[in-house]
Structures are given as C-alpha cells and as structure tokens.
Amino acid sequence: MKTKVLMVCLGNICRSPLAEGILQSKVDPDSVFVDSAGTAGYHVGNPPDKRSIAVAHKYGLNIGHQKCRKFSEQDFSEFDHIYVMDRSNFSDVASLAKNQEEASKVKLLLSEVELGIREVPDPYYGGHDGFENVYQMIDRACEAIAKKLN
C-alpha cells in the first residue's frame, strides 16, 4: 500500500506545487504518492505560477503539468501525511479536521528540518530570489521527509 503525502499552501500555485514536485523526485513512486492543494480556491484548474515552474526546471524538475486544486475534508481520509507551508495554512486545514486522528496528520513542512524558521514564506509578491529561497527550504525539508519514507 502506498504512503500518501499532501503538500498544502494558500493558492496551490507557488509553494505546494514545488513541494509536490521536489518530494516526488526523492521518493520511490511505487511506494509513495505525492499531491498538492491550496486552502483557497483562487486558481483551481490552473498550472503552477510560471516562476515556480521556472525554478523547478532550473533543478531538473517539471511541475508544469500540475493542476491547482482546493483542499477538501476528504483529503484527511485520502492522505497519511499533510504538510502545510505556514501557520495560516495549518489553522485553515486543522480547522476542518473532524477528530484528533485527522488533526494529527497536519504538520508544518519546516518542522522536519532545523532552518531557524518554521514557515515557508509565500514568494508570490516577490521576485525570482524569493522563489529560489523557497525552493531551497522546501528541498531541505523534502530530503528529510524522503529519508523517513524510503
């Protein structure tokens, strides 16, 4: 049976698509399924932000095929681990949990590594450097997660 991991940010166009693509590149696809979603439905059906696609491409990852979707309560029963990018995402997702078992699946992505910060900043309103910085943070956290899952 596959372990299922869901990456969540606000719009599912910047951080969580990167996290999905990065973790997918580090795990065995036969044993781990990775997806992403957003807490808001602003971009449902759209591809990731072109800046996320570009920074992923720089590191040999293609995330351009992904389609944005909104997090749903059903995701609690579908996924074993739900990683969120920041405290706001954490609150939004955890508030939908029906019980402690569901709530215990939700973690801050950066809780998996010691980077001196707990939240992945949203690079949406910044420039390319923000996306590069976010990529590096997510990559470090996904490396730690992959070691646990592989």
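Is it the case that ALA19 is closer than 18 Å to PRO121 by Cα, buried (at least 22 other Cβ atoms within 10 Å of the Cβ) and either in contact with a Lys or Arg (Cβ under 7 Å, 6 or more places away or on another chain) or at pLDDT below 95 (or both)? Here the answer is no, as ALA19 does not meet what is asked.
Of the residues that make up region 128-136, is at least one out of contact with any Lys or Arg (no Cβ under 7 Å at 6 or more places or on another chain) and either under 16 Å from SER25 (Cβ atoms) or of a type in the set (Phe, Trp, Tyr) (or both)? Yes. Take the residues in region 17-42 that are more than 13 Å from the chain's Cα centre (by Cα) and assigned to a loop (DSSP other than H, G, I, E, B); name whichever of them is farthest from VAL84 (Cα to Cα). Looking at residues that are more than 13 Å from the chain's Cα centre (by Cα) and assigned to a loop (DSSP other than H, G, I, E, B), I get ASP30. Among the conditions (1) free of Cβ contacts under 8 Å to residues at least 24 places away in the same chain; (2) in contact with a helix residue (DSSP H, G or I) (Cβ under 9 Å, 6 or more places away or on another chain), VAL134 misses just one, which is (1). Within region 89-104, is even one residue farther than 20 Å from GLY126 by Cβ, modelled with pLDDT under 95 and in contact with a strand residue (DSSP E or B) (Cβ under 8 Å, 6 or more places away or on another chain)? Looking through region 89-104, none of the residues is farther than 20 Å from GLY126 by Cβ, modelled with pLDDT under 95 and in contact with a strand residue (DSSP E or B) (Cβ under 8 Å, 6 or more places away or on another chain).
Does VAL34 qualify as being without any contact (Cβ under 8 Å) to a residue 40 or more places away in the chain and closer than 19 Å to ALA141 by Cβ? It is true that VAL34 is without any contact (Cβ under 8 Å) to a residue 40 or more places away in the chain and closer than 19 Å to ALA141 by Cβ. Evaluating PRO123 against the criteria (1) within 17 Å of ALA19 (Cβ to Cβ); (2) in contact with a helix residue (DSSP H, G or I) (Cβ under 7 Å, 6 or more places away or on another chain); (3) open to solvent by 30 Å² or more (accessible area, probe 1.4 Å) leaves one unmet condition, (3). Among the residues in region 108-118, are any touching a helix residue (DSSP H, G or I) at 6+ places or on another chain (Cβ under 7 Å), buried (at least 18 other Cβ atoms within 10 Å of the Cβ) and assigned to a loop (DSSP other than H, G, I, E, B)? Checked against the condition, which is being touching a helix residue (DSSP H, G or I) at 6+ places or on another chain (Cβ under 7 Å), buried (at least 18 other Cβ atoms within 10 Å of the Cβ) and assigned to a loop (DSSP other than H, G, I, E, B), region 108-118 yields no hits at all. Restricting SER77, SER31, SER72 to those that are over 14 Å from CYS14 (Cα atoms), open to solvent by 50 Å² or more (accessible area, probe 1.4 Å) and of a type in the set (S, T, N, Q) reduces the list to SER77.
Search region 53-67 for residues that are in contact (Cβ under 8 Å) with a residue 40 or more places away in the chain and pair each with any residue that is loosely packed, with under 13 Cβ neighbours inside 10 Å when their beta-carbon atoms are under 8 Å apart and the residues are at least 6 apart or on different chains. Once the first residue is in contact (Cβ under 8 Å) with a residue 40 or more places away in the chain and sits in region 53-67, its partners that are loosely packed, with under 13 Cβ neighbours inside 10 Å give ALA54/HIS128; VAL55/HIS128; ALA56/ASN62. Checked against the criterion of being open to solvent by 30 Å² or more (accessible area, probe 1.4 Å), in a loop (DSSP other than H, G, I, E, B) and on the phi > 0 side of the Ramachandran plot, region 85-103 has no qualifying residue. For region 42-62, residues that are at pLDDT 95 or above and farther than 15 Å from GLY130 by Cα total 10.
The values are calculated or read from the model by the stated rules, or taken from the named source; none is laboratory data. The structure displayed is predicted, hence computed values, not measured ones. Every residue, glycine as well, gets a Cβ built from its backbone with ideal geometry; the counts of neighbours run over all protein chains shown. Just so you know, the surface numbers come from the protein's heavy atoms only, side chains and all, with ligands and any DNA or RNA stripped out. Shrake-Rupley method; radii C 1.70, N 1.55, O 1.52, S 1.80 Å.
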